[in-house]
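Accompanying notes for the structure given below.
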Amino acid sequence: MRRLVASLPLALLLAACAPSPAPPSDGSRPASTNAVLGSAEWYAWVDQSLHIGDDGHGPARGSDAWNQAVQDKLGQEAPQSKPGSPEWQQSVDALLRTRLPPSS
């Protein structure tokens, strides 16, 4: 226990000194990974993570066509719940968080 407490300040210092990721080269802001499920920000994060839209071209985020595109991108790992439902959103969110590298 003492060793854990003694190493905590070092861990916090290392976390604080970690380099921040470089901004996207196209000047756009990355979507937040902490967005509320079903919010416009969450849809943007999923869209960006899976590359659903192509420079703003593609199905409207949250539409049936967009949900199907997400299902197609996820392949066999796609949630079995109804696309677009809160359960589906939660499953997609959890899956992407385990698949994608962490961002700061």
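The values are calculated or read from the model by the stated rules, or taken from the named source; none is laboratory data. Here the structure is a predicted model, which is why all the values come from computation and not from measurement. Note that we place each Cβ from the backbone using ideal geometry, even for glycine, and neighbour counts take in every protein chain shown. Accessible surface is based on the protein model in full, side chains and every heavy atom, while ligands, DNA and RNA are left aside. Shrake-Rupley method; radii C 1.70, N 1.55, O 1.52, S 1.80 Å.
Each residue in the range 38-61 was checked for being part of a helix (DSSP H, G or I) and either touching a helix residue (DSSP H, G or I) at 6+ places or on another chain (Cβ under 7 Å) or not small (G, A, S) (or both), and 9 of them qualify. When D55 is tested against the conditions (1) on the phi > 0 side of the Ramachandran plot; (2) of a type in the set (D, E); (3) at pLDDT 90 or above, the lone failure is (3).
Scan the range 34-58 for residues that are surrounded by fewer than 15 Cβ atoms within 10 Å (Cβ to Cβ) and in contact with a Lys or Arg (Cβ under 8 Å, 6 or more places away or on another chain) and the total you get is 2.
Being open to solvent by 30 Å² or more (accessible area, probe 1.4 Å), among the small types (G, A, S) and modelled with pLDDT of 95 or more is a description that applies to S81.
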